[in-house]
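The structure appears below as structure tokens.
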Amino acid sequence: MSSSNLAVLNALDNARTQWYHVTAIIIAGMGFFTDAYDLFCISTVTKLLGRIYYTQDNPSKPGKIPDNINNFVIGVALVGTLSGQLVFGWLGDKLGRKKVYGITLVMMCICAICSGLSFGRTAKSVIGTLCFFRFWLGFGIGGDYPLSATIMSEYANKKTRGAFIAAVFAMQGVGIVVAGLVTMTLSYIFLKRYPAPAFKEDWKNSTQQEGDFLWRIVLMLGALPAILTYYWRMKMPETGRYTALIEGNAKQAALDMGRVLDIEVQAEQEKLSQFKSANDYTLFSREFFKRHGLHLIGTTTTWFLLDIAFYSQNLTQKDIFPAIGLTDPAVDLSALKEVFQTSRAMFLIALLGTFPGYWFTVFFIERLGRFIIQLLGFFMMSIFMLILGIKYDYLKHHNHILFAVLYGLTFFFANFGPNSTTFVLPAELFPTRVRSTCHAISAASGKAGAMVGAFGVQKYTLSGETGPIKRAMMILAFTNMLGFFFTFLVSETKGRSLEEISGEDGGIEANAKEIGVEMNEENRTKGYET
């Protein structure tokens, strides 16, 4: 018996693409839009925080957050994200995808607003409050990763599943673009209202105190998209696969999926019970490691290696911008003008390099497959970063345009490559009962890589010196090549049902044969002819 004989799974796999699929992409995607905005908008305002809270008397350079504190401000949300992924991923398998889906959104709303508040006016109290709430903001964001991916994979049909999951993830690209656009627009408005001299002309008046409102508004606006989608997220029914295969309620699964897909689905309780018993093994069982151990090693290692490079690029790009020529030296700018130039540069790189890569994946993932796109992305990222590392001096001083193009191409191939596929594959490779947990483990491994980027690689770029940045680029080129080779541990999932990919339909066939053998044996011992 294959999974296609279970009517509810067959209906999901072969359903025509319809409006409900689009709304599911939007609802899940807005979570990722919020995630990206909240995680990356901090990069646009950290230099402003340094000017406001860390400028000393008679300084020679603008105030700057100390390196260790800067790393903590940038990285604390990543620590929260890793923790949230593991907790909510596990809860998604234990309690259901929908039950915990709303909790993550509420956390994101509350903590985004609270990130813009502070208990006190000193540097210590402001940064302490910011870090506390950004940890819990990250915790909520972390839950969105496994839940959004799992929900979308379990709703989608097998022909367009990869494109749908990739489209949800592509909203991260929109979030990064909007983070740059919002900060750029607000800083421009503030700059027009509150002009100030450059730091080298008048250091005392170069930092507009109104900038203290700017960074708070930028962070608080991250709550808006989450608030707007909460109602629709709560209206989504539980996925048919969870209701049927985990809760064992064939009737409810048939009703829910029949309603949202506008078809009639037959409830098959007896077949479903047999399916459940054939696949009743846990994450830490020998059976799981025999079937999926290599897959889990593949998804965790590739996501870990990818995020070292991806988050190093995104979180440290403000330190690369002066080298590319997209921003002026800090001493030539007022505080708000520095925010404007940093966010404008982030917006341009995201719009021209980051954003298109996500949507190339959406359009080509069902044609080329996940495996080829991931290999291509890792390989091209490695090549471009190697060139940047070797030719950094020449590009920095003699060819800013080529520097910007090569830097943008590393973003493009990260997103038309492993940044998208490492999100898609764990949502497809693993069985229903542990799908959310396995995606969470893979994603948490990625965030561990992001922390290596935020706490480790970033220290090479903070000084803006050529030598350390060259070393950082060479290290990232090497990690990307490792990701290329670890990709061979995962398998292609294009065009197959989730149960076929995970081996769940094979499990039931084996179970049925076993039952048949036992019955034949029993009949023979009783003297019956089989």
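Calculated mean residue ellipticity, 222 nm, the chain: -24500 deg cm²/dmol, from DSSP H runs (n ≥ 4) at -39500 (n - 2.57) each, averaged per residue and rounded to 500. When you restrict to C-alpha pairs under 8 Å that are six or more residues apart and normalise by the size of the chain, the relative contact order lands at 24 percent.
Listed values for the range 91-96 are Karplus-derived 3J(HN,Hα) couplings in whole Hz (6.51 cos²θ - 1.76 cosθ + 1.60, θ = phi - 60°), namely 5, x, 7, 7, 9, x, and x replaces Gly and Pro. Along the chain, the exposed loop sites are GluC sites (Glu not before Pro) outside DSSP states H, G, I, E and B with at most 11 other Cβ atoms within 10 Å, and the longest stretch free of them is 1-263.
Phi-derived couplings, Karplus 6.51 cos²θ - 1.76 cosθ + 1.60 at θ = phi - 60°, listed residue by residue for the range 217-226: 5, 4, 5, 5, 4, x, 7, 4, x, 5 Hz, with x used for Gly and Pro.
Across the range 10-101, the relative contact order, built from alpha-carbon pairs under 8 Å that are at least six residues apart, equals 15 percent. In this calculation the C-beta distance from residue 364 to residue 332 is compared with R0 = 35 Å, giving a FRET efficiency of 0.25. Each label point was placed 7 Å from the Cα along the Cα-to-Cβ direction; for residue 210 and residue 459 their separation is 4.0 nm.
Using θ = phi - 60° in the Karplus curve 6.51 cos²θ - 1.76 cosθ + 1.60, the 3J(HN,Hα) couplings for the range 40-49 round to 9, 5, 4, 5, 7, 10, 5, 5, 5, 4 Hz; x is entered for Gly and Pro. Under a model in which nothing but the beta-carbon of Lys, Arg (+1) and Asp, Glu (-1) is charged, the range 1-96 shows a dipole of about 240 debye around its Cα centre. Ordered by solvent-accessible area of protein heavy atoms (1.4 Å probe), largest first, the residues 106, 126 come out as 106, 126. When Cα Rg over 2.2 N^0.38 Å is calculated for this entry, the matching label among (1) 1.37; (2) 0.98; (3) 1.05 is (3).
Count Lys and Arg as plus one, Asp and Glu as minus one, and take only other residues whose Cβ is under 13 Å from that of residue 373; the net charge is then +1.
Go ahead and run the numbers for FRET between residue 294 and residue 492, Cβ-Cβ distance against an R0 of 22 Å, rounding to 0.05. The computed FRET efficiency comes out at 0.95. The magnitude of the dipole of the range 203-260, with charges of +1 and -1 set on the Cβ of Lys/Arg and Asp/Glu and taken from the Cα centre, is near 120 debye.
Considering amide H positions built from the backbone, and no H for Pro or chain starts, which residues 5 or more places from residue 497, or on another chain, come under 5 Å of its amide H? Here nothing satisfies the definition. The stretch between residue 192 and residue 471 holds 96.5 nm of extra length on full extension. This uses 0.36 nm per residue minus the Cα-Cα distance. For residue 158, the solvent-accessible surface computed with a 1.4 Å probe is close to 60 Å², ligands and nucleic acids excluded. Residue 86 sits with roughly 80 Å² accessible to a 1.4 Å probe, with DNA, RNA and ligands left out of the calculation.
Distance between the modelled labels on residue 397 and residue 122, one decimal in nanometres: 4.5 nm (7 Å Cα→Cβ projection). Distances between placed amide hydrogens fall under 5 Å for residue 208 paired with 335, 336, all partners being 5 or more residues away or on another chain.
Accessible surface comparison of 486, 213, 403, 289, probe 1.4 Å, protein chains only, largest first: the order is 213, 289, 486, 403. Each Lys or Arg adds one and each Asp or Glu takes one away; over the other residues whose Cβ falls under 13 Å from the Cβ of residue 83, this sums to +2. Based on protein heavy atoms only, the chain ends up with 39 Å² per residue of surface accessible to a 1.4 Å probe. What lysines does residue 204 reach when the alpha-carbon gap must be under 23 Å and sequence neighbours fewer than 8 apart in one chain are set aside? Within reach: 47, 61, 64, 124, 192, 337.
Under the convention that each Lys and Arg Cβ holds +1 and each Asp and Glu Cβ holds -1, the size of the dipole of the chain around its Cα centre is about 1220 debye. Within the straight-line cut-off of under 22 Å between alpha carbons, the lysines reachable from residue 470 are 318, 391, 396, 459, sequence neighbours fewer than 8 places apart in one chain being disregarded.
The local environment of residue 157, defined by Cβ-Cβ distances under 9 Å, has a net charge of +3 under the rule Lys, Arg +1 and Asp, Glu -1.
Between the range 196-240 and the range 375-437, the C-alpha centres lie 27 angstrom from each other.
Under 30 Å of direct C-alpha separation, and excluding same-chain neighbours fewer than eight residues apart, residue 271 reaches these lysines: 94, 98, 99, 158, 159, 235, 251, 290, 494, 513, 526.
The values are calculated or read from the model by the stated rules, or taken from the named source; none is laboratory data. Everything numeric here is computed off the predicted structure, so don't read it as measured data. Neighbour counts run over all protein chains shown; Cβ positions are idealised from the backbone, glycine included. When the accessible area is computed, the model is the full protein with side chains, heavy atoms only, and any ligands, DNA or RNA have been set aside. Shrake-Rupley method; radii C 1.70, N 1.55, O 1.52, S 1.80 Å.
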